[in-house]
1. If you project the alpha carbons of segment B:87-223 onto their three principal axes, what span does each projection cover, largest first, in Å?
2. Select from B:170, B:134, B:28 the residue whose mean-square fluctuation is largest in a Gaussian network model of chain B (Cα-Cα springs shorter than 10 Å).
3. Based only on other Cβ atoms within 10 Å, what is the fewest-to-most ordering of A:21, B:108, A:66?
4. Just counting partner chain Cβ atoms within 10 Å, what average do the residues of peptide A:90-97 show around their Cβ?
5. Under 10 Å, Cα contacts only: if you run a Gaussian network model on chain B, which one of B:36, B:64, B:16 comes out with the highest mean-square fluctuation?
6. Quick check on the exposure proxy: order B:198, B:154 from fewest to most C-beta atoms within 10 angstrom.
7. For a test of the definition: using alpha carbon positions, the gyration tensor, and the 1.5 limit on a/c, classify segment B:180-223 as rounded, prolate or oblate.
8. List B:120, A:44, A:100, B:22 from most exposed to least, where exposure is judged by having the fewest other Cβ atoms within 10 Å.
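Computed from the coordinates by the stated procedures, all read-outs in this text should not be read as laboratory data. Everything numeric here is computed off the predicted structure, so don't read it as measured data. Here the Cβ is made from the backbone with ideal geometry for all residues, glycine too, and neighbour counts use every protein chain on show.
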């Protein structure tokens, strides 16, 4: 069946069940890992670890379950634009809110550190 | 194009090929999902800012949530995403409608289980323990004022997520009826594919809500 579909340019990509199972397992392992790591004191790296695992899990769902790995370039660029705009919203909002407490003119990059540290 | 597929079922005349129609459907759904990304993104942005302003309170509030229910629900939702993907695949390879309906119903059961766990073991408990601002707030003076802010974020974010789950269950009900009425085949299953995108999106929102609300406050002693 898959051999026949390969010759038909109109046929969608059928993802093998084994791929779905591997993605499912990876997502479950990721859930266990993120829960486990929350109980270990890593300081601010707890937040980094949790968000990194969440982004990896999201990527797996988007690429395989949502078939974006097999999607056209047009669809992909629309999705990337969505995340880019999300980035703009978060970055510009934070650049306003998190700099309101600046009382002196910042001198040098060390001024950034207390701001970044407040995020975690 | 083979002779018998000159007019494939579900093929609309404004499209040149079936593949073009499929891309248009997928693209349209993603445009909607991008608005959803920014809709939830507004709440995530507010969460980031208020968390940075009231970090101690947010950590204290986070410790009021029970990790085992959040983790269980994460697993339930991931499992439901798998069954949804398998429902679509079952249609793609032209299996019987009974098999498609089996995977759709299993997805619905898992989605309902998520909401049931949320209601019974989390929100109801929050009500009894007085953790719902404005509805049931029994603060023995142990909470800093920012904890109320955290719980507001918690209920708005999980509430809107659960609302999306309820909408998803409605969509799945329609899909089951459409499948039973022989609307889908290996040639045409766009409603399944597009509804699947929605279901997976709701899963992704939870993938971020779980660590943000339950975990990053730190669960280790002294946090």
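1. 62, 27, 19
2. The residue that fluctuates most here is B:134.
3. On the way: A:21 12, B:108 21, A:66 28.
The fewest-first ordering by Cβ neighbours comes to A:21, B:108, A:66.
4. Working: counts 6, 1, 1, 6, 4, 0, 1, 7.
Average per residue, whole number: 3.
5. Greatest mean-square fluctuation among the candidates belongs to B:16.
6. Values: B:198 20, B:154 26.
The order, fewest Cβ neighbours first, is B:198, B:154.
7. Working: a/c = 6.75, a/b = 5.33, b/c = 1.27.
Prolate, because a/c is 1.5 or more and a/b exceeds b/c.
8. Details: B:120 11, A:44 14, A:100 8, B:22 21.
Lowest to highest Cβ neighbour count: A:100, B:120, A:44, B:22.
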